[in-house]
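Chemist: Have a look at the structure that comes next, please.
The values are calculated or read from the model by the stated rules, or taken from the named source; none is laboratory data. Bear in mind the structure is a predicted one, so any value in this text is a computation, not a measurement. Backbone-built Cβ (ideal geometry, glycine too); neighbour counts: all protein chains shown. The protein model used for the area step is the full one, side chains on, heavy atoms only, and it has no ligands, DNA or RNA in it. Shrake-Rupley method; radii C 1.70, N 1.55, O 1.52, S 1.80 Å.
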Amino acid sequence: MPSPGAASARPSAPPSSEPSGARVQTLVPTPVGEARITRYPAEGTPKALLALGHGAGGGIEARDLQALAAALPARGITVALVEQPWRVAGKKLGPAPKTLDQGWLPVLAELAGSGLPLVAGGRSAGARVACRTAEAVGAVAVVALAFPLHPPGKPERSRAEELLGSGRPTLVVQGGKDTFGTPEEFPQLPTGHELVAIPYAGHGFSVPKRAPLGQDEALRQITDAVGDWILALR
(Lines give C-alpha, C1' and ligand atoms only; values in the text may rest on other atoms or scores of the structure.)
Protein backbone atom coordinates (compact mmCIF):
# COMPACT_ATOMS: atom_id res chain seq x y z
CA MET A 1 0.00 0.00 0.00
CA PRO A 2 1.40 3.41 -0.90
CA SER A 3 2.48 5.61 1.97
CA PRO A 4 0.30 8.60 2.91
CA GLY A 5 0.55 11.32 0.32
CA ALA A 6 1.72 8.94 -2.39
CA ALA A 7 0.94 10.25 -5.86
CA SER A 8 2.51 10.52 -9.27
CA ALA A 9 5.61 12.67 -9.58
CA ARG A 10 4.65 13.49 -13.18
CA PRO A 11 4.44 17.28 -13.52
CA SER A 12 1.05 18.69 -14.40
CA ALA A 13 -0.76 21.99 -14.50
CA PRO A 14 -2.98 22.90 -11.56
CA PRO A 15 -6.47 21.46 -12.13
CA SER A 16 -9.18 23.85 -13.27
CA SER A 17 -12.00 24.57 -10.86
CA GLU A 18 -14.48 23.49 -13.55
CA PRO A 19 -14.20 21.41 -16.72
CA SER A 20 -13.76 23.59 -19.79
CA GLY A 21 -14.01 20.98 -22.54
CA ALA A 22 -16.99 19.68 -24.48
CA ARG A 23 -19.79 18.08 -22.54
CA VAL A 24 -22.80 15.98 -23.52
CA GLN A 25 -25.81 15.41 -21.28
CA THR A 26 -28.11 12.40 -21.45
CA LEU A 27 -31.13 11.36 -19.39
CA VAL A 28 -31.39 7.64 -18.65
CA PRO A 29 -34.58 5.98 -17.37
CA THR A 30 -34.15 3.77 -14.30
CA PRO A 31 -36.64 1.93 -12.04
CA VAL A 32 -36.43 4.82 -9.56
CA GLY A 33 -36.59 7.78 -11.94
CA GLU A 34 -34.41 9.44 -14.56
CA ALA A 35 -30.66 9.68 -13.98
CA ARG A 36 -28.49 12.18 -15.83
CA ILE A 37 -25.08 11.64 -17.39
CA THR A 38 -22.77 14.54 -18.16
CA ARG A 39 -19.96 13.28 -20.41
CA TYR A 40 -16.61 14.97 -20.89
CA PRO A 41 -15.17 13.17 -23.95
CA ALA A 42 -11.52 12.18 -24.14
CA GLU A 43 -9.24 14.22 -26.35
CA GLY A 44 -7.54 12.27 -29.10
CA THR A 45 -7.90 8.48 -29.03
CA PRO A 46 -10.04 7.43 -26.03
CA LYS A 47 -8.39 4.89 -23.76
CA ALA A 48 -10.99 4.38 -21.01
CA LEU A 49 -14.26 5.69 -19.62
CA LEU A 50 -14.52 6.66 -15.95
CA ALA A 51 -18.07 6.87 -14.55
CA LEU A 52 -18.35 8.79 -11.30
CA GLY A 53 -21.30 9.00 -8.93
CA HIS A 54 -21.76 11.63 -6.24
CA GLY A 55 -22.34 11.48 -2.50
CA ALA A 56 -25.52 11.28 -0.44
CA GLY A 57 -25.67 14.97 0.42
CA GLY A 58 -24.34 16.64 -2.72
CA GLY A 59 -24.03 16.37 -6.47
CA ILE A 60 -21.53 16.34 -9.28
CA GLU A 61 -20.35 19.84 -8.33
CA ALA A 62 -18.05 18.24 -5.72
CA ARG A 63 -14.50 19.55 -6.10
CA ASP A 64 -12.90 16.15 -6.69
CA LEU A 65 -15.43 15.13 -9.36
CA GLN A 66 -15.08 18.47 -11.15
CA ALA A 67 -11.29 18.32 -11.02
CA LEU A 68 -11.26 14.83 -12.56
CA ALA A 69 -13.67 15.89 -15.32
CA ALA A 70 -11.39 18.85 -16.05
CA ALA A 71 -8.08 16.97 -16.04
CA LEU A 72 -8.59 13.44 -17.36
CA PRO A 73 -9.97 14.01 -20.90
CA ALA A 74 -6.58 15.47 -21.90
CA ARG A 75 -5.07 12.11 -20.92
CA GLY A 76 -7.44 10.11 -23.13
CA ILE A 77 -9.98 9.25 -20.43
CA THR A 78 -13.63 10.10 -20.99
CA VAL A 79 -15.30 11.13 -17.73
CA ALA A 80 -19.02 10.61 -17.17
CA LEU A 81 -20.48 12.34 -14.10
CA VAL A 82 -23.65 10.55 -13.06
CA GLU A 83 -26.47 12.29 -11.17
CA GLN A 84 -28.71 9.88 -9.30
CA PRO A 85 -32.49 10.10 -9.91
CA TRP A 86 -33.11 11.61 -6.47
CA ARG A 87 -30.77 14.45 -7.32
CA VAL A 88 -32.28 14.99 -10.78
CA ALA A 89 -35.70 15.17 -9.10
CA GLY A 90 -34.48 17.99 -6.83
CA LYS A 91 -34.43 16.07 -3.56
CA LYS A 92 -31.85 17.01 -0.94
CA LEU A 93 -30.84 13.68 0.57
CA GLY A 94 -30.12 10.32 -0.99
CA PRO A 95 -32.28 7.22 -0.47
CA ALA A 96 -31.34 3.76 0.84
CA PRO A 97 -28.40 1.85 -0.70
CA LYS A 98 -30.67 -0.55 -2.61
CA THR A 99 -32.39 2.40 -4.31
CA LEU A 100 -29.05 3.99 -5.15
CA ASP A 101 -27.96 0.76 -6.84
CA GLN A 102 -31.20 0.67 -8.87
CA GLY A 103 -30.53 4.21 -10.06
CA TRP A 104 -26.94 3.34 -11.05
CA LEU A 105 -27.15 0.00 -12.86
CA PRO A 106 -29.05 1.16 -15.99
CA VAL A 107 -26.71 4.13 -16.37
CA LEU A 108 -23.62 1.94 -16.29
CA ALA A 109 -25.24 -0.48 -18.73
CA GLU A 110 -25.61 2.40 -21.19
CA LEU A 111 -22.05 3.61 -20.64
CA ALA A 112 -20.72 0.09 -21.14
CA GLY A 113 -21.98 0.31 -24.72
CA SER A 114 -19.22 2.81 -25.54
CA GLY A 115 -16.82 -0.06 -26.17
CA LEU A 116 -14.18 1.51 -23.92
CA PRO A 117 -12.84 -0.17 -20.77
CA LEU A 118 -15.34 0.95 -18.12
CA VAL A 119 -14.05 2.08 -14.72
CA ALA A 120 -16.83 2.52 -12.16
CA GLY A 121 -16.32 5.06 -9.42
CA GLY A 122 -17.70 7.74 -7.20
CA ARG A 123 -17.21 9.71 -4.03
CA SER A 124 -18.53 8.77 -0.59
CA ALA A 125 -21.91 7.01 -1.02
CA GLY A 126 -21.17 6.90 -4.75
CA ALA A 127 -17.99 4.96 -4.02
CA ARG A 128 -20.02 2.42 -2.06
CA VAL A 129 -22.43 2.02 -4.98
CA ALA A 130 -19.53 1.48 -7.39
CA CYS A 131 -17.98 -1.17 -5.15
CA ARG A 132 -21.27 -3.03 -4.66
CA THR A 133 -22.09 -3.14 -8.38
CA ALA A 134 -18.72 -3.32 -10.16
CA GLU A 135 -19.03 -6.97 -11.14
CA ALA A 136 -22.67 -6.63 -12.20
CA VAL A 137 -21.93 -3.75 -14.59
CA GLY A 138 -18.84 -5.37 -16.09
CA ALA A 139 -16.45 -2.70 -14.87
CA VAL A 140 -12.76 -3.45 -15.26
CA ALA A 141 -11.88 -1.50 -12.10
CA VAL A 142 -13.22 0.79 -9.37
CA VAL A 143 -12.17 4.26 -8.21
CA ALA A 144 -13.37 4.96 -4.65
CA LEU A 145 -13.01 8.61 -3.64
CA ALA A 146 -13.47 9.43 0.06
CA PHE A 147 -14.81 5.96 0.81
CA PRO A 148 -17.01 6.27 3.94
CA LEU A 149 -15.42 3.45 5.91
CA HIS A 150 -17.71 4.19 8.86
CA PRO A 151 -20.03 6.97 10.10
CA PRO A 152 -18.10 9.74 11.87
CA GLY A 153 -17.23 8.71 15.42
CA LYS A 154 -18.56 5.16 14.95
CA PRO A 155 -15.65 3.00 13.76
CA GLU A 156 -17.48 -0.12 14.94
CA ARG A 157 -19.96 0.31 12.05
CA SER A 158 -17.44 -0.61 9.37
CA ARG A 159 -18.34 -0.77 5.68
CA ALA A 160 -15.02 -2.35 4.76
CA GLU A 161 -16.76 -5.45 3.42
CA GLU A 162 -18.17 -3.48 0.48
CA LEU A 163 -14.73 -2.20 -0.45
CA LEU A 164 -12.93 -5.50 0.03
CA GLY A 165 -15.62 -7.33 -1.92
CA SER A 166 -15.66 -5.13 -5.02
CA GLY A 167 -14.27 -8.03 -7.06
CA ARG A 168 -12.25 -5.68 -9.24
CA PRO A 169 -8.94 -3.78 -8.90
CA THR A 170 -9.84 -0.81 -6.74
CA LEU A 171 -8.12 2.52 -6.12
CA VAL A 172 -9.05 4.27 -2.87
CA VAL A 173 -8.24 7.98 -2.63
CA GLN A 174 -8.71 9.11 0.96
CA GLY A 175 -8.20 12.37 2.81
CA GLY A 176 -5.70 12.17 5.64
CA LYS A 177 -8.20 13.81 8.01
CA ASP A 178 -11.40 12.19 6.72
CA THR A 179 -13.80 11.75 9.64
CA PHE A 180 -15.48 8.88 7.77
CA GLY A 181 -12.21 6.94 7.98
CA THR A 182 -8.58 8.01 7.81
CA PRO A 183 -6.12 6.06 5.65
CA GLU A 184 -4.66 4.48 8.80
CA GLU A 185 -8.04 2.99 9.70
CA PHE A 186 -8.37 0.93 6.54
CA PRO A 187 -7.78 -2.81 6.81
CA GLN A 188 -5.12 -4.63 4.82
CA LEU A 189 -6.27 -4.36 1.22
CA PRO A 190 -6.28 -7.37 -1.11
CA THR A 191 -4.04 -7.69 -4.13
CA GLY A 192 -5.17 -5.28 -6.82
CA HIS A 193 -6.47 -2.71 -4.33
CA GLU A 194 -4.40 0.41 -3.70
CA LEU A 195 -4.77 3.39 -1.38
CA VAL A 196 -3.53 6.91 -1.97
CA ALA A 197 -3.73 9.34 0.96
CA ILE A 198 -4.16 13.07 0.43
CA PRO A 199 -2.49 14.73 3.45
CA TYR A 200 -4.52 17.16 5.57
CA ALA A 201 -7.66 16.70 3.43
CA GLY A 202 -11.10 16.10 4.87
CA HIS A 203 -14.02 14.08 3.51
CA GLY A 204 -14.63 16.62 0.73
CA PHE A 205 -10.87 16.88 0.07
CA SER A 206 -10.77 20.42 1.38
CA VAL A 207 -7.51 21.32 3.13
CA PRO A 208 -7.12 23.94 5.88
CA LYS A 209 -5.53 27.24 4.87
CA ARG A 210 -2.82 26.65 7.47
CA ALA A 211 -1.85 23.30 5.93
CA PRO A 212 1.48 23.11 4.04
CA LEU A 213 -0.43 21.47 1.18
CA GLY A 214 -2.57 23.90 -0.83
CA GLN A 215 -5.99 23.12 -2.30
CA ASP A 216 -4.74 23.08 -5.90
CA GLU A 217 -1.96 20.67 -4.99
CA ALA A 218 -4.42 18.37 -3.19
CA LEU A 219 -6.63 18.24 -6.29
CA ARG A 220 -3.58 17.70 -8.49
CA GLN A 221 -2.61 14.70 -6.37
CA ILE A 222 -6.08 13.26 -6.85
CA THR A 223 -6.21 13.76 -10.61
CA ASP A 224 -2.65 12.51 -11.15
CA ALA A 225 -3.18 9.42 -8.99
CA VAL A 226 -6.47 8.47 -10.65
CA GLY A 227 -5.22 9.15 -14.18
CA ASP A 228 -1.97 7.26 -13.70
CA TRP A 229 -3.72 4.29 -12.12
CA ILE A 230 -6.37 3.97 -14.84
CA LEU A 231 -3.82 4.20 -17.65
CA ALA A 232 -1.68 1.53 -15.97
CA LEU A 233 -4.54 -1.00 -15.78
CA ARG A 234 -3.96 -4.20 -17.66
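Chemist: In region 195-210, what count of residues is obtained for those that are open to solvent by 20 Å² or more (accessible area, probe 1.4 Å) and out of contact with any Lys or Arg (no Cβ under 9 Å at 6 or more places or on another chain)?
Modeler: Adding up the residues that qualify gives 2.
Chemist: Those residues that are of a type in the set (Asp, Glu) and either in a loop (DSSP other than H, G, I, E, B) or surrounded by 22 or more Cβ atoms within 10 Å (Cβ to Cβ) (or both), I need them from region 153-164; list them, please.
Modeler: As a first pass, look at region 153-164 and keep what is of a type in the set (Asp, Glu): 156, 161-162.
Matches in region 153-164: Glu156 only.
Chemist: Still on this structure: Are any residues in region 173-194 touching a helix residue (DSSP H, G or I) at 6+ places or on another chain (Cβ under 6 Å) and crowded, with 16+ Cβ neighbours inside 10 Å, and if so, which ones?
Modeler: Answer for region 173-194, where residues must be touching a helix residue (DSSP H, G or I) at 6+ places or on another chain (Cβ under 6 Å) and crowded, with 16+ Cβ neighbours inside 10 Å: Val173, Gln174.
Chemist: Looking only at region 100-152, count how many residues are within 11 Å of Leu50 (Cβ to Cβ), assigned to a loop (DSSP other than H, G, I, E, B) and aliphatic (A, V, I, L, M).
Modeler: 3
A quick yes/no check of all residues on (1) assigned to a strand (DSSP E or B); (2) of a type outside the set (Asp, Glu); (3) under 22 Å from Phe180 (Cα atoms):
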{"site": "Arg36", "(1), (2), (3)": "yes, yes, no"}
{"site": "Gly44", "(1), (2), (3)": "no, yes, no"}
{"site": "Gly57", "(1), (2), (3)": "no, yes, yes"}
{"site": "Leu81", "(1), (2), (3)": "yes, yes, no"}
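Chemist: Can you find a residue in region 56-74 that is more than 18 Å from Leu163 (Cβ to Cβ), open to solvent by 10 Å² or more (accessible area, probe 1.4 Å) and at pLDDT below 95?
Modeler: yes
Chemist: Being touching a Pro at 6+ places or on another chain (Cβ under 7 Å) and either farther than 30 Å from Gly44 by Cα or outside any loop (DSSP other than H, G, I, E, B) (or both): is that true of Gly167 here?
Modeler: It is false that Gly167 is touching a Pro at 6+ places or on another chain (Cβ under 7 Å) and either farther than 30 Å from Gly44 by Cα or outside any loop (DSSP other than H, G, I, E, B) (or both).
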